[in-house]
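Student: I'd like to ask some things about the structure below.
The values are calculated or read from the model by the stated rules, or taken from the named source; none is laboratory data. The shown structure was predicted, so the numbers you read here are calculated from the model rather than taken from an experiment. Here the Cβ positions follow ideal geometry from the backbone for every residue, glycine too, while neighbour counts run over all protein chains shown.
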Amino acid sequence: MRDPLRVTTSRQYDDLLSTLVSDKVASRLFSQDSTLWGPDAESEASIRLSWVGLATSSRPLLAEIDALRAQLWSEGIDRVVLCGMGGSSLAPEVVSRTYDVPLEILDSTNPNVVSRALAGDLRRTVVVVSSKSGGTLETDSQRRAFTAAFAAAGIDAASRMVVVTDPGSGLEKLAVDSGYRKAFLADPHVGGRYSALAAFGLVPTGLAGVDIAELLDQADEVTATLAADSPDNPALVLAAALAGDPGRDKIGIADVGAGLVGFADWAEQLIAESTGKQGQGRLPIALEGPSAPEVRGSTHDMVAAALAPPGEVGERSGGVGEPWVAVSGTLGAQFLTWETATAVAGRILGINPFDQPDVESAKQAARGLLDRQPAPEPAQITENGVEARGSDGLLDGVDTISGAVEALLEKVGDDDYLAVMAYLDSKRDASLHGVREALASRTERPTTFGWGPRFLHSTGQYHKGGPPQGVFLQITSTEATDVEIPDRPFGLGVLIAAQATGDAAVLAENGRPVLRLHLQQPSTGVAAIKELLR
């Protein structure tokens, strides 16, 4: 039988591990000891630790989910669309893709992306509306659009709506008042990014046909190991590798054969939102594999994290550079291990891993723009259908788009990272993701790539709250058609533009270099941008 979980490292952390063991960090965490992160974090931690027991406490959900799936499938309703952001979408995406079960993830406000979801076969569609707070703007906008589409198709929208939310939220009240098909109430003592094995991760994937009981079994199999006060505890070893070297605050995550599709994107949110605050943290970077520029070279401030096949981690890292940590295990075991390691990393760094104090700033800026709906700022440069706008002083003396890119890249210093933020159609423009590797090679610095507004619920926290090292390239577009949001004075095109503009404004106010490239015609502009950035 293969090992369900193994973690090995190229560097020893004996002193740190000895301290974690003597302080009984693992057993105290699994006993839900809220004092582990200091007095300032205690009130938040006291209501955020139930995730350690989800392998057991989520079991009652299984029968409910199975019953609803059987009912829906008997009615010919077998297309599941998940409307959710961040912690509500990233874990379901990993689960469905790893198990190769169809689940449509709608975590965008791009009009093209939403239009494509609305154009699917509504007769076969059930929509899972997933929001911990119940008030997520993107998710509410998607819900409204689907409600209108069902009505236009002569389908009772309420019968096709399934809600996942915390007890007492506005979304729960809406579900009850509107007679929605089902409302699953999640454990309110589980934070969004730690909810992979809670209702947020299990409901949409279970309805789509994943064997979610297996995920809980996998997590349950390693729970005792992760709760043990031992220097061999895999989560403690992983935490030490993530946070034990003050000079290495970038974590490059590459799948080297584990087959956990999209896991690095999920871990990216978990680590970035949990640690990126108070001017410190660890920046996770979802890499394409061991051939990524960051691991081919010797990046002085990065640790390479390899996701290896179950049972195959030994004295190797799958080809990634030094120093490295390699993690192997089943998907359920990996979820719980990385969650545990990230919480312990918060203790090592001296921060509260359960809050996200800087996420709200971009949301507030976007809301302000939606209320005022000001005219766009004039472009500083326009060339071949591409407009450029830069933060204060960035484009002084620059008169070409290529010059604007060069001006931004010159700001990338020896300890900095470059973040590419694409508020585009993630399916139509998927090839744009390739510029991540090109820019990493060009700058010889760690480079992240995020689709907007999805990344705002992930690395967006780190961008504002982490070390002031980010240099930001934002790419936006004007889509040919918009999608109305029922009972809102703006459509999705206005919403995504406000989200992009608001985020750029907050970053610039924080003193970070920001270049905004706007594509007047995305059908041709994406190819031009790819060529320019390479």
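Student: Which residues, taken from the stretch 339-383, are among the small types (G, A, S) and either touching a strand residue (DSSP E or B) at 6+ places or on another chain (Cβ under 6 Å) or in a loop (DSSP other than H, G, I, E, B) (or both)?
Tutor: Listed by number, the residues that qualify are G350, A375, A379.
Student: Turning to a different aspect of this structure: Give me the pairs, please: first residue somewhere in the stretch 505-534 and farther than 18 Å from S402 by Cβ and assigned by TED's automatic domain parsing to the domain that holds D429, second residue anywhere and polar (S, T, N, Q) and part of a helix (DSSP H, G or I), beta-carbon distance under 6 Å, and either six or more positions apart or on two chains.
Tutor: V506/S361
Student: From (1) under 19 Å from L370 (Cα atoms); (2) touching a His at 6+ places or on another chain (Cβ under 8 Å), pick out the condition that doesn't hold for R454.
Tutor: (2)
Student: For L82, are the conditions met, namely being closer than 25 Å to F490 by Cα, surrounded by fewer than 23 Cβ atoms within 10 Å (Cβ to Cβ) and of a type in the set (A, V, I, L, M, F, W, C)?
Tutor: Here the answer is no, as L82 does not meet what is asked.
Student: If a residue must be more than 20 Å from the chain's Cα centre (by Cα) and more than 13 Å from T35 (Cβ to Cβ), how many such residues does the stretch 341-350 contain?
Tutor: Looking only at that region, the number is 3.
Student: If you check G311 against the conditions, is it at pLDDT 95 or above, more than 16 Å from R11 (Cβ to Cβ) and either surrounded by fewer than 24 Cβ atoms within 10 Å (Cβ to Cβ) or of a type in the set (K, R) (or both)?
Tutor: No: the conditions fail for G311.
Student: Conditions first: (1) of a type in the set (S, T, Y); (2) in contact with a helix residue (DSSP H, G or I) (Cβ under 9 Å, 6 or more places away or on another chain); (3) modelled with pLDDT of 95 or more; (4) not assigned by TED's automatic domain parsing to the domain that holds F184. T9 passes all but one, so which condition is the exception?
Tutor: Failed condition: (3).
Student: Step by step: first the residues of the stretch 46-79, then only those that are more than 30 Å from A235 (Cβ to Cβ) and basic (K, R), then the one that is surrounded by the most Cβ atoms within 10 Å (Cβ to Cβ). Which residue is that?
Tutor: R69
Student: Mind checking which residues of the stretch 224-252 are outside any helix (DSSP H, G or I) and either among the charged types (D, E, K, R) or crowded, with 24+ Cβ neighbours inside 10 Å (or both)?
Tutor: D229, D232, N233, D245, R248, D249, K250, I251, G252
Student: Then there's this: Please go through the stretch 423-459 and give me each residue that is under 21 Å from G252 (Cβ atoms), surrounded by 23 or more Cβ atoms within 10 Å (Cβ to Cβ) and in contact with an Asp or Glu (Cβ under 7 Å, 6 or more places away or on another chain), ordered by number.
Tutor: Across the stretch 423-459, the qualifying residues are A440, R445, P446, R454, S458, T459.
Student: Among the numbered criteria (1) surrounded by fewer than 24 Cβ atoms within 10 Å (Cβ to Cβ); (2) modelled with pLDDT under 95, which single criterion is violated by A264?
Tutor: Unmet condition: (2).
Let's see how each residue does on (1) closer than 24 Å to P204 by Cβ; (2) touching a Gly at 6+ places or on another chain (Cβ under 7 Å):
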| site | (1), (2) |
| --- | --- |
| S34 | no, no |
| W37 | no, yes |
| A45 | no, no |
| R48 | yes, yes |
| L54 | yes, no |
| R59 | yes, no |
| E64 | yes, no |
| A67 | yes, no |
| A70 | yes, no |
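Student: How do the pairs read when you match residues in the stretch 169-186 that are among the hydroxyl-bearing types (S, T, Y) with residues anywhere that are assigned to a strand (DSSP E or B), using Cβ under 8 Å and keeping only pairs 6 or more apart or on different chains?
Tutor: Going by the 8 Å Cβ cut-off, the qualifying pairs are S178/M161; Y180/M161; Y180/V162; Y180/V163.
Student: Can you tell which of G154, G191, G209 is closer than 24 Å to L118 by Cβ and either crowded, with 24+ Cβ neighbours inside 10 Å or touching a residue at least 12 places away in the same chain (Cβ under 8 Å) (or both)?
Tutor: G209
Student: What about S130, is it surrounded by 15 or more Cβ atoms within 10 Å (Cβ to Cβ), of a type in the set (S, T, Y) and touching a Gly at 6+ places or on another chain (Cβ under 8 Å)?
Tutor: It is true that S130 is surrounded by 15 or more Cβ atoms within 10 Å (Cβ to Cβ), of a type in the set (S, T, Y) and touching a Gly at 6+ places or on another chain (Cβ under 8 Å).
Student: Within the stretch 1-85, which helices (runs of 4 or more DSSP H) (wholly inside it) include 1 or more residues that are closer than 30 Å to F146 by Cα and over 25 Å from the mean Cα position of the chain (by Cα)?
Tutor: 59-74
Student: Here is a further query. Quick check on the stretch 81-88. Is at least one of its residues within 21 Å of A345 (Cβ to Cβ), modelled with pLDDT under 95 and not assigned by TED's automatic domain parsing to the domain that holds V163?
Tutor: No, because not a single residue in the stretch 81-88 is within 21 Å of A345 (Cβ to Cβ), modelled with pLDDT under 95 and not assigned by TED's automatic domain parsing to the domain that holds V163.
Student: Determine whether L215 is farther than 28 Å from D14 by Cβ and either within 23 Å of the chain's Cα centre (by Cα) or crowded, with 19+ Cβ neighbours inside 10 Å (or both).
Tutor: Yes: the conditions hold for L215.
Student: Name every residue in the stretch 373-408 that is farther than 15 Å from I475 by Cα and buried (at least 18 other Cβ atoms within 10 Å of the Cβ), in order of residue number.
Tutor: If the condition is that a residue be farther than 15 Å from I475 by Cα and buried (at least 18 other Cβ atoms within 10 Å of the Cβ), then L394, L395, V398, A407 are the ones that fit.
Student: Now, a different point. Residue under question is T337, and the condition is that it be surrounded by 24 or more Cβ atoms within 10 Å (Cβ to Cβ), touching a Ser or Thr at 6+ places or on another chain (Cβ under 6 Å) and either free of Cβ contacts under 8 Å to residues at least 24 places away in the same chain or among the β-branched types (V, I, T) (or both); does it hold?
Tutor: It is false that T337 is surrounded by 24 or more Cβ atoms within 10 Å (Cβ to Cβ), touching a Ser or Thr at 6+ places or on another chain (Cβ under 6 Å) and either free of Cβ contacts under 8 Å to residues at least 24 places away in the same chain or among the β-branched types (V, I, T) (or both).
Student: Next up: When the residues of the stretch 88-125 are narrowed to those that are of a type in the set (V, I, T) and in contact with a strand residue (DSSP E or B) (Cβ under 6 Å, 6 or more places away or on another chain), which ends up nearest to G493 (Cα to Cα)?
Tutor: Taking the candidates together, the pick is I105.
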